[in-house]
């Protein structure tokens, strides 16, 4: 195995606790009977892909979701349901990043969107404070800003090229099998973070 010089982290399920069920349940309460067919950790339909690649506005997303919801559902209810999955930052894991920065070049690659970004930054500010979350990394790559998302190989290659780093010298940590497979496809070393694992327990 080549020497690791760079680590790319996923966000949800790695540094920030996520509960997809909370969003699924919230949308079902709004009348969306089969929300899991639209969006889950494993897959996203065209609407959610468009949101996570910045190819649809928040207003159009809310309007599209209203079509699935019971009559009278307003934008704020859709926003609250969509944000329900965002829980708390893993404080020990975030603190561990400061130690890792002394040894590695750190990057973030997250499938997210313009609705979640300010919400999890607010959670970070409220729970941890100090410098902004992105300051932990040389660069953060958010899918809706780079217009690309995991698990497509082109997304990982874009990050490698933009950061000027080599795949063989880079470790990618994610909690999704599909995202891990995508990174492997372009030669990146990987670690699938299991539910019982935290990054500070890894041999890094």
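The values are calculated or read from the model by the stated rules, or taken from the named source; none is laboratory data. For clarity, every value in this text was computed on a predicted model and none was experimentally measured. Counting neighbours? That spans all protein chains shown, and the Cβs are built from the backbone with ideal geometry, glycine included.
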query = Taking the condition surrounded by 15 or more Cβ atoms within 10 Å (Cβ to Cβ) and at pLDDT 95 or above, does residue 191 pass?
reply = yes
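Kindly establish whether residue 48 is outside the structural domain of residue 149 (by TED's automatic domain parsing) and touching a strand residue (DSSP E or B) at 6+ places or on another chain (Cβ under 6 Å). Lay out the reasoning, then the answer.
Values: outside the structural domain of residue 149 (by TED's automatic domain parsing): yes; touching a strand residue (DSSP E or B) at 6+ places or on another chain (Cβ under 6 Å): yes.
For residue 48, the condition - outside the structural domain of residue 149 (by TED's automatic domain parsing) and touching a strand residue (DSSP E or B) at 6+ places or on another chain (Cβ under 6 Å) - is met.
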